[in-house]
Amino acid sequence: MMKRWSPRRAIVFASIVLVVDGLGGYALDAVGVVPLAVPFLLARLLARFVVPGMMIATLVIVVVRAITGARANGSVSSR
Amino acid sequence: MLRALERPWPRLALFAIVTVVCASFVPRVWCGRGVDAIHRGDRSAQEPLARAVAHAIRSGVGVSSFHTGSARFDGEWTLATHQMAALGLMQVALAHPELRAELLPAIETCAERVLDPASTAFGAEAWGERGLDALGSTNGHAYLGYANLALGALRVLAPNNRFAAQHDRLTEALARRLDASPHGIVETYPREAYPADIAAVVGSIGLYDRGAGGDHRALLAKYATPMRACCIDGASGLAFQSMNAASGRPAGPPRASGTAIAVYFLSFADRVLARDLFAALRTSQRAEFLGFGGVREYARGHVGSGDIDSGPVLFGVGVTASAFTLAGARMFGDRDLYEAIYRTANLFGAPVDVGGRRPFAVAGSIGNAILLAMLTATPELP
């Protein structure tokens with residue numbers, strides 16, 4: 001699973017979660033509670049407990065890749 | 001060393017560490033937004049909640065709005081929705097008198113609905129007589145305490161309203177039944193008595209005195225002694241969930257949901273008893289995880305699952321007990337507990353702003369009415 005991880009996928013996942021979290025409440029208020037409550041609450045939990053850490057970790061990895069990539073290309077000193 | 005993050009396991013470890021660190025403070029900050037304003041009682045925080053509840057009442061809440069699978073419970077929830085809405089709206093109108101004219105019609109609708117025979121048909125089914133038509137009966141009909149609370153809320157704001165005479169008669173009937181009970185236990189249904197419902201009866205009498213200028217102080221003082229002796233567990237300080245009216249002995253374990261409901265209702269009549277029950281909830285039942293608060297349903301040494309009274313029980317924490325404890329926390333000055341439970345209510349209730357209203361999207365009409373009443377419960381009596 002981790003081999004298939006990429007920053008782009010992490011951002012897409014976070015975006016979907018945040019959209020469901022942001023709009024789900026309005027949808028629930030409009031149509032009633034039962035059908036949408038479980039996926040909405042799951043998105044709400046992910047948005048608050050997982051997505052912030054995931055995005056920070058993703059940012060760290062993107063920065064690390066940029067640094068190590070630059071070193072490999074010789075544009076950044078290894079010292 | 002940086003290249004290690006290109007490999008899966010170090011990357012997974014980084015994700016795990018950063019996620020745990022962020023989860024320890026981001027959700028509590030995110031879900032705690034706005035708690036200062038609602039705790040202070042700011043109009044900007046209370047008004048949208050009140051408008052959401054008033055809107056739901058105007059839109060119509062009836063037995064068909066609920067699907068518990070039991071006609072009795074659907075009826076109870078209909079009655080409780082209107083009663084909680086009336087009390088919550090009353091509290092907001094008292095805190096912000098400029099909103100009184102806007103909120104009063106919804107409270108009047110609540111009073112009208114609790115007197116509708118359909119709203120108390122579940123009680124008539126159980127007793128074989130309509131409680132509101134049998135005020136001279138010796139049968140308990142303690143569920144009428146909920147109806148009387150809604151009438152009391154209207155009476156506090158409009159002493160000469162069109163239901164005042166019915167309010168007088170219902171209060172006197174409930175007071176007479178309470179006085180006649182040797183153990184201070186009024187039955188809700190035949191051979192079924194619940195301290196939370198008895199607290200509704202007692203609280204409604206206290207609220208009547210404030211709204212209509214009655215004086216039941218002697219009765220309320222007399223009631224407190226048997227209530228403490230019979231209905232409260234000495235070990236935990238919690239109220240037993242159900243009682244045997246004839247023997248005065250508990251018929252169910254001490255539980256937080258009934259206790260937390262009783263705290264709120266008793267606050268209209270007996271603040272000392274309400275404070276003592278709240279102290280038991282605070283000291284023995286409080287649960288907290290990452291800044292999210294809740295209240296354990298069962299007292300230490302007792303185990304059980306969720307039911308219609310407690311709502312869902314997750315890791316021992318009950319939805320009803322947690323929500324109702326908000327009122328005690330605000331009334332008796334436990335700001336930390338109020339904030340911790342508010343975060344939980346915000347997380348799972350999911351408030352949204354829609355055209356000047358702020359309904360909790362997941363709470364439904366009864367949840368919104370309860371949360372309004374609990375979040376705006378006042379340290380001072382109305």
Those residues of the stretch B:3-28 which are at the interface with chain A (Cβ under 7 Å from one of its Cβ atoms) and either touching a residue at least 60 places away in the same chain (Cβ under 8 Å) or over 14 Å from A:F49 (Cβ atoms) (or both) amount to B:R3, B:L5, B:P8, B:R11, B:L12, B:L14, B:A23, B:P27
Checking the structure you have, find out if any residue of the stretch B:289-297 is acidic (D, E), assigned to a loop (DSSP other than H, G, I, E, B) and either at pLDDT 95 or above or in contact with a Ser or Thr (Cβ under 7 Å, 6 or more places away or on another chain) (or both). yes
Just a yes or no: is a residue in the stretch B:133-141 on the phi < 0 side of the Ramachandran plot, touching a Leu at 6+ places or on another chain (Cβ under 6 Å) and surrounded by 24 or more Cβ atoms within 10 Å (Cβ to Cβ)? no
Name the residues in the stretch B:352-378 that are out of contact with any Lys or Arg (no Cβ under 7 Å at 6 or more places or on another chain), more than 13 Å from chain A (Cβ to nearest Cβ) and not in a helix (DSSP H, G or I), would you? B:T376, B:T378
Kindly evaluate A:R79 against the criterion of being more than 8 Å from every other protein chain (Cβ to nearest Cβ), out of contact with any helix residue (DSSP H, G or I) (no Cβ under 9 Å at 6 or more places or on another chain) and modelled with pLDDT under 90. yes
Determine whether A:P35 is over 28 Å from B:E6 (Cα atoms) and either modelled with pLDDT of 90 or more or outside any helix (DSSP H, G or I) (or both). yes
For the stretch B:121-163, enumerate the residues that are aliphatic (A, V, I, L, M), in a loop (DSSP other than H, G, I, E, B) and more than 19 Å from B:L103 (Cβ to Cβ). B:A134, B:L135, B:A142
Selection status of B:A118, part of a helix (DSSP H, G or I), more than 14 Å from B:T376 (Cβ to Cβ) and either of a type in the set (F, W, Y) or in contact with a Lys or Arg (Cβ under 9 Å, 6 or more places away or on another chain) (or both): no
Please tell me if B:G75 is assigned to a loop (DSSP other than H, G, I, E, B) and either over 19 Å from B:A345 (Cα atoms) or touching a strand residue (DSSP E or B) at 6+ places or on another chain (Cβ under 8 Å) (or both). no
Matching residues in the stretch B:62-96 (in contact with a Leu (Cβ under 8 Å, 6 or more places away or on another chain) and free of Cβ contacts under 8 Å to residues at least 60 places away in the same chain) number 0
Quick check on this structure: which one of B:G252, B:G234, B:G248 is within 30 Å of B:G301 (Cβ to Cβ), without any contact (Cβ under 8 Å) to a residue 24 or more places away in the chain and over 23 Å from the mean Cα position of the chain (by Cα)? B:G234
Of A:A47, A:A43, A:A30, A:A57, the only residue that is within 16 Å of B:F348 (Cα to Cα), of a type in the set (G, A, S), at the interface with chain B (Cβ under 9 Å from one of its Cβ atoms) and in a helix (DSSP H, G or I) is A:A47
Take the stretch B:316-351 and flag every residue that is surrounded by fewer than 22 Cβ atoms within 10 Å (Cβ to Cβ) and assigned to a loop (DSSP other than H, G, I, E, B). B:G316, B:F332, B:G333, B:D334
Index of the failed condition, B:T259 passing every other in (1) under 23 Å from B:Y338 (Cα atoms); (2) in contact (Cβ under 8 Å) with a residue 60 or more places away in the chain; (3) touching a Lys or Arg at 6+ places or on another chain (Cβ under 8 Å): (3)
Collect the residues in the stretch B:342-353 that are touching a residue at least 12 places away in the same chain (Cβ under 8 Å) and in contact with an Asp or Glu (Cβ under 9 Å, 6 or more places away or on another chain), keeping them in residue-number order. B:A350
Considering the stretch A:60-73 alone, what residues qualify as being more than 18 Å from A:R9 (Cβ to Cβ) and facing chain B (nearest Cβ under 9 Å)? A:I67, A:T68, A:R71
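The values are calculated or read from the model by the stated rules, or taken from the named source; none is laboratory data. These numbers come from a predicted model, not from an experiment. Neighbour counts run over all protein chains shown; Cβ positions are idealised from the backbone, glycine included.
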